[in-house]
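What follows is a single structure, written as structure tokens, with notes after it.
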Amino acid sequence: MSEAARAPVVITGASSGIGAALATSFSESGHPVILLARRLDRLEALELPNALCLKVDVTDLVAFKAAVQAGEEAFGPIGTMINNAGLMQLSTLQDQDPAEWKAMLDVNVLGVLNGCQIAIDSMSARRTGTIINVSSVAGRKTFPNHVAYVGTKFAVHAMSENLREEVAADNIRVSVVAPGAVETELLGHTNSAEVIAGYEKWKDSIGGALDPASVVAAVRFVHDQPQSVCIREVVLANTLQSA
Ligand code: NDP
């Protein structure tokens, strides 16, 4: 295995869903993994070898940076940052508590900016590295009850593309992986039982959501290319998901 193939991978939001599946995949292929989330017990329960599990809120730049530095002290310079942590709280704008807009913007936008800056600080002098931002089909098109959430995910697409342009000359890849509905804990943060019921009904109508494994396969496709190949964006969804 080459040095690059063994480089440490930072995964935010590794305590559940897509992030936990990514952590397992990268660990199984021999990468040290630096796993960040607020629920430390869930990170540790993965019981992955060569893993540094740290309780970090991605909105806290200082704590996030210190965690990545601790990971680099343990395993060496990071090769990849996967900004996966996210929050979805669905509602019509009229009915939504503005605190929910702020929470989503903080995690989905500022958390991603934090992760990108930390990664670039480490990667640019070494002139290599990969940043993969997990966005959403809701970063490409709109859906009912998604006003604030689509705002955050459209931002992830825009920021990632602009950042890609900014750091391309430093040989740093910036990519977006944007899934449609995936079966995870994400919907559980929505506070309206009615909105949750409507979303579940829609999911049933398309034969269920993607398995996180399908998103992992897309991320691995992006990641496992040679450093000279940047897959800029992957959008994937259940075939029956027309929206
Ligand atoms: P989960 O709710 O299962 O996972 C979200 C993860 O984000 C958790 O590990 C959670 O950890 C972490 N997280 C949330 N807030 C913070 C924070 N402030 N600091 C650190 N970690 C945080 O959902 P998914 O696996 O589905 O979500 C992963 C990504 O995929 C998100 O960006 C989401 O928007 C995106 N996505 C998901 C889709 C879906 O249908 N599920 C569709 C399209 C995109 P903890 O609570 O322990 O901090």
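Descriptive notes on the structure:
- Within the stretch 98-128, the set of residues being acidic (D, E) and in contact (Cβ under 8 Å) with a residue 60 or more places away in the chain comprises E100 only.
- Residue in the stretch 140-160 that is farther than 14 Å from A237 by Cβ, outside any loop (DSSP other than H, G, I, E, B), away from the ligand (no atom under 14 Å from the Cβ) and under 18 Å from the mean Cα position of the chain (by Cα) present: yes
- Put simply, of L46, L61 the only residue that is within 28 Å of E233 (Cα to Cα), surrounded by fewer than 20 Cβ atoms within 10 Å (Cβ to Cβ) and more than 10 Å from the ligand (Cβ to nearest atom) is L61.
- Residue within the stretch 76-96 that is within 14 Å of the ligand (Cβ to nearest atom), under 16 Å from the mean Cα position of the chain (by Cα), buried (at least 17 other Cβ atoms within 10 Å of the Cβ) and assigned to a helix (DSSP H, G or I) present: no
- If you filter the stretch 117-130 down to residues that are more than 14 Å from the ligand (Cβ to nearest atom) and within 17 Å of N84 (Cα to Cα), you find that the one that is surrounded by the most Cβ atoms within 10 Å (Cβ to Cβ) is A119.
- Residue count for the stretch 211-239, restricted to those that are outside any loop (DSSP other than H, G, I, E, B) and either more than 17 Å from the chain's Cα centre (by Cα) or touching a residue at least 12 places away in the same chain (Cβ under 8 Å) (or both): 15
- Flag if A197 is among the small types (G, A, S) and either part of a loop (DSSP other than H, G, I, E, B) or under 20 Å from the mean Cα position of the chain (by Cα) (or both): no
- Options A66, A14, A51, A21: the member that is within 13 Å of the ligand (Cβ to nearest atom), closer than 18 Å to I78 by Cβ and modelled with pLDDT of 95 or more: A14
- Residues located in the stretch 14-57, provided they are out of contact with any Lys or Arg (no Cβ under 9 Å at 6 or more places or on another chain) and on the phi > 0 side of the Ramachandran plot: G17, E47, N50
- Within the stretch 200-210, if we keep just the residues that are exposed (fewer than 15 other Cβ atoms within 10 Å of the Cβ) and not in a helix (DSSP H, G or I), the residue that is nearest to the ligand (Cβ to nearest atom) turns out to be G208.
The values are calculated or read from the model by the stated rules, or taken from the named source; none is laboratory data. Source: prediction; values computed, not measured. Cβ coordinates were reconstructed from backbone atoms using ideal geometry, including for glycine residues, and neighbour counts include every protein chain displayed.
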